[in-house]
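Engineer: What follows is a single structure, and I will ask about it in a moment.
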Amino acid sequence: MLGKLLKHDMRAQMRVILPVTICVMISAILCTGALRLAFVLSDIAAEPEGFAAVLSTIFMSWVVLFVILNVFILLVYPTIALISIVVHFYRNLYTDEGYLTFTLPVKTRSILTSKFISGMIWQLVSYVVLIALGAFILIFGTSPEHIVNLSGIRSFFDVVGMILGEYGWLAFTYLISLLAGSFYGIAALYLAVTIGCVVAKKHRVLASIGVYYVINMIMSTMMSVVSFIIVAVATAMNESAALYVSSIVSAAFSIVFTVAALLITVYMMKNKLNLS
Amino acid sequence: MNAYNESASIPILTANMLTKSYGSAPVLNCVNLTLPAGRIIGLLGPNGSGKTTLIKLAAGLLTPTSGEILVCGRAPDEVTRGLVSYLPERTYLSPSMRVSETLDYFADFYADFDRVRAVDMMSRLGIDDSVRLRTLSKGTKEKLQLILVMSRNARLYLLDEPIGGVDPAAREYILSTIISNYASDSTVLISTHLISDIEAVLDEFLFLRNGGIVMQSTVDDARERYGMSVDALFREVYRC
């Protein structure tokens, strides 16, 4: 049944995230085109005199603003994806749709597991799309002379190679810590929405946002205190180990918090649910 | 199917000292109830008498404050949810779904869902399965939901106000759909306050007041004993 739940959750979330992703892709293509146009205009604007130079300067400032706007859209895209994941969770469980979801012949923990896995998949997809579109803009929109920025690509891989050569394990642990942080981010939002909807009779969304901030404050404080102590001990023993330890502690904390948040969420769904 | 489902001796729905409170106020108070198989039963009472709460408890959407409720001898869980076909008083299908996707959804999750029956009923009503639910009228959405619910071969149908918000012609369709689709070993529990509309299809009824059952009887017994219809009896019992 988990597979079927997952299929329907993925499909439902795709209905929102796919159009947003297509819009962001179009935005990235336009941004790349605008950057190329900026190179052409900058050549004209560099002329010391002439009406064309004035016009191109004005036009170029608009192009720059357009590029900034598109980069901003690209950067907020994972957040938009995350919001749509949480909205799907809320709608599918705690609005009228919950009357169907909670009467399916499946275990409550399967419902939550499906929501969590599908949420994680879409969150990771949003990261991959962000990186791919960022790379697209850098490759095709940043060379004044050529359509493809080959020297830029070479420099990028040189830097990546150097980082992986010297700090490979650190980069790996940092990546794991980021991934675990994403797990926790979704689990914490699910917990906040569940508590908000169980506790509040009205203004459930507002209550959920409030609960989310409280959860985040408590967790951040706990993580900071424990990280500080562990990293201080690690630094005293071996200074270079502190960075590794910091990433590992952060990842471990995120995983523990994720499991705890999911367990509390499923408990509340099973025992405290009251669809109005 | 499990052995306990097939056993005729186990009632379809049982409540033992069932109590449900929101805060300090009990909505259901020490309800004892046994519903046998093969009946259409009216769950009748004024607003706030606990009808919806009783149905939600049987559907597994609420947990009792005390006492117990059993579906085919088992406390509500994922197994009983497979035996119960529940129609809430609101639209629970996502408006972004197509009609065909709602059929896929029910076919995926309910082993007892009869897709052919559902498609047949939909075509008779002229519901296009390629359209999204948000384009359907409220009445059509309610009919679609009823078709989905009654296209299951469930043991217990829980219908919460199925005719509350629809026109008289649609009421007739809904009631004929209920009568013609439930199996002889199934029980249908219909909550409503439109008694005159459903009286003709009922075998039994329950009167609820202030969270308690004030009367449970077959329709024939009540008519014989009190010399009046269930509708008239309801007005008598609940006279303000």
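The values are calculated or read from the model by the stated rules, or taken from the named source; none is laboratory data. Everything numeric here is computed off the predicted structure, so don't read it as measured data. Counting neighbours? That spans all protein chains shown, and the Cβs are built from the backbone with ideal geometry, glycine included.
Engineer: Just give me the residues in the stretch A:248-276 being in contact (Cβ under 8 Å) with a residue 60 or more places away in the chain, in a helix (DSSP H, G or I) and over 23 Å from the mean Cα position of the chain (by Cα), in sequence order.
Structural biologist: Across the stretch A:248-276, the qualifying residues are A:Ile264, A:Val266, A:Met268, A:Met269, A:Lys270.
Engineer: Just to be sure, is A:Tyr99 within 14 Å of another protein chain (Cβ to nearest Cβ) and assigned to a helix (DSSP H, G or I)?
Structural biologist: yes
Engineer: Here is a further query. Answer yes or no as to whether A:Leu100 is crowded, with 21+ Cβ neighbours inside 10 Å and either more than 18 Å from B:Asp108 (Cβ to Cβ) or in contact with a strand residue (DSSP E or B) (Cβ under 7 Å, 6 or more places away or on another chain) (or both).
Structural biologist: In short, no.
Engineer: Let me ask something additional. Would you check if A:Ile85 is modelled with pLDDT of 80 or more, part of a helix (DSSP H, G or I), over 17 Å from the mean Cα position of the chain (by Cα) and not hydroxyl-bearing (Ser, Thr, Tyr)?
Structural biologist: Taking the combined requirement at face value, the residue does not satisfy it.
Engineer: Give me the helices (runs of 4 or more DSSP H) completely within the stretch B:63-164, filtered to those with at least 2 residues that are more than 10 Å from chain A (Cβ to nearest Cβ) and over 22 Å from B:Ser184 (Cβ atoms), ordered by residue number. Can you show your working first?
Structural biologist: Working: elements: B:78-81, B:99-109, B:115-125, B:138-150.
So the answer is B:99-109, B:115-125, B:138-150.
Engineer: Given the criteria crowded, with 17+ Cβ neighbours inside 10 Å and touching a residue at least 40 places away in the same chain (Cβ under 8 Å), does B:Glu89 qualify?
Structural biologist: The answer is yes for B:Glu89.
Engineer: Still on this structure, I have one more. Could you tell me whether any residue of the stretch A:55-72 is part of a helix (DSSP H, G or I), outside the structural domain of A:Gly181 (by TED's automatic domain parsing), surrounded by fewer than 19 Cβ atoms within 10 Å (Cβ to Cβ) and under 17 Å from the mean Cα position of the chain (by Cα)?
Structural biologist: Yes, because at least one residue in the stretch A:55-72 is part of a helix (DSSP H, G or I), outside the structural domain of A:Gly181 (by TED's automatic domain parsing), surrounded by fewer than 19 Cβ atoms within 10 Å (Cβ to Cβ) and under 17 Å from the mean Cα position of the chain (by Cα).
Engineer: Restricting the stretch B:182-204 to residues that are farther than 13 Å from B:Ser49 by Cβ and touching a Ser or Thr at 6+ places or on another chain (Cβ under 7 Å), which is surrounded by the most Cβ atoms within 10 Å (Cβ to Cβ)?
Structural biologist: By that ranking, first place goes to B:Ile198.
Residues are listed down the side, and each one gets a yes or a no for (1) assigned to a loop (DSSP other than H, G, I, E, B); (2) out of contact with any strand residue (DSSP E or B) (no Cβ under 6 Å at 6 or more places or on another chain); (3) under 17 Å from B:Leu148 (Cα atoms):
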residue	(1), (2), (3)
B:Ala169	no, yes, no
B:Ile174	no, yes, yes
B:Thr177	no, yes, yes
B:Ser180	no, yes, yes
B:Ile190	no, no, yes
B:Asp197	no, yes, no
B:Leu206	no, no, no
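Engineer: Of all the residues that make up the stretch B:195-240, how many are farther than 27 Å from B:Tyr173 by Cα, β-branched (Val, Ile, Thr) and without any contact (Cβ under 8 Å) to a residue 40 or more places away in the chain?
Structural biologist: Counting residues in the stretch B:195-240 that are farther than 27 Å from B:Tyr173 by Cα, β-branched (Val, Ile, Thr) and without any contact (Cβ under 8 Å) to a residue 40 or more places away in the chain gives 2.
Engineer: What about B:Asn47, is it touching a residue at least 60 places away in the same chain (Cβ under 8 Å), over 17 Å from A:Thr103 (Cβ atoms), away from chain A (no Cβ under 14 Å) and loosely packed, with under 15 Cβ neighbours inside 10 Å?
Structural biologist: yes
Engineer: Now, a different point. Out of curiosity, is B:Tyr110 among the hydroxyl-bearing types (Ser, Thr, Tyr) and within 18 Å of B:Tyr157 (Cα to Cα)? Give the steps one after another, and end with the answer.
Structural biologist: Details: among the hydroxyl-bearing types (Ser, Thr, Tyr): yes; within 18 Å of B:Tyr157 (Cα to Cα): yes.
Answer is yes for this residue.
Engineer: In the stretch A:1-13, what residues are within 8 Å of chain B (Cβ to nearest Cβ) and in contact with a His (Cβ under 9 Å, 6 or more places away or on another chain)?
Structural biologist: A:Ala12
Engineer: While we're looking at this one, here's another question. I need the full set of residues from the stretch B:16-44 which are within 14 Å of chain A (Cβ to nearest Cβ) and either of a type in the set (Lys, Arg) or part of a strand (DSSP E or B) (or both), in order please.
Structural biologist: Selection gives B:Lys20, B:Ser21, B:Tyr22, B:Ala25, B:Val27, B:Leu28.
Engineer: Of all residues in the stretch B:149-176, how many are in contact (Cβ under 8 Å) with a residue 40 or more places away in the chain and either within 17 Å of B:Thr80 (Cα to Cα) or within 13 Å of the chain's Cα centre (by Cα) (or both)?
Structural biologist: Residues that pass the stated criteria total 14.
Engineer: Further question on the same structure: Restricting attention to the stretch A:76-95, which residues are free of Cβ contacts under 8 Å to residues at least 60 places away in the same chain and within 13 Å of chain B (Cβ to nearest Cβ)?
Structural biologist: Of everything in the stretch A:76-95, those that are free of Cβ contacts under 8 Å to residues at least 60 places away in the same chain and within 13 Å of chain B (Cβ to nearest Cβ) turn out to be A:Arg91, A:Thr95.
Engineer: For the stretch A:196-212, name all the residues that are closer than 13 Å to A:Tyr90 by Cβ, touching a residue at least 24 places away in the same chain (Cβ under 8 Å) and out of contact with any Lys or Arg (no Cβ under 9 Å at 6 or more places or on another chain).
Structural biologist: Listed by number, the residues that qualify are A:Arg204, A:Val205, A:Ser208, A:Tyr212.
Engineer: While we're here: Give the stretch A:108-147 a look and list any residue that's buried (at least 20 other Cβ atoms within 10 Å of the Cβ) and modelled with pLDDT under 85, or say none.
Structural biologist: Within the stretch A:108-147, just A:Gly141 meets the criteria.
Engineer: Residue under question is A:Gly165, and the condition is that it be buried (at least 20 other Cβ atoms within 10 Å of the Cβ) and farther than 30 Å from B:Leu93 by Cβ; does it hold?
Structural biologist: Here the answer is no, as A:Gly165 does not meet what is asked.
Engineer: Continuing with this model, one more query. Give the residues of the stretch A:14-36 that are within 11 Å of another protein chain (Cβ to nearest Cβ) and crowded, with 17+ Cβ neighbours inside 10 Å, sorted by residue number. Spell out how you get there, then give the answer.
Structural biologist: From the stretch A:14-36, those within 11 Å of another protein chain (Cβ to nearest Cβ) are A:14-16; that's our starting set.
Within the stretch A:14-36, A:Val16 is the sole residue that qualifies.
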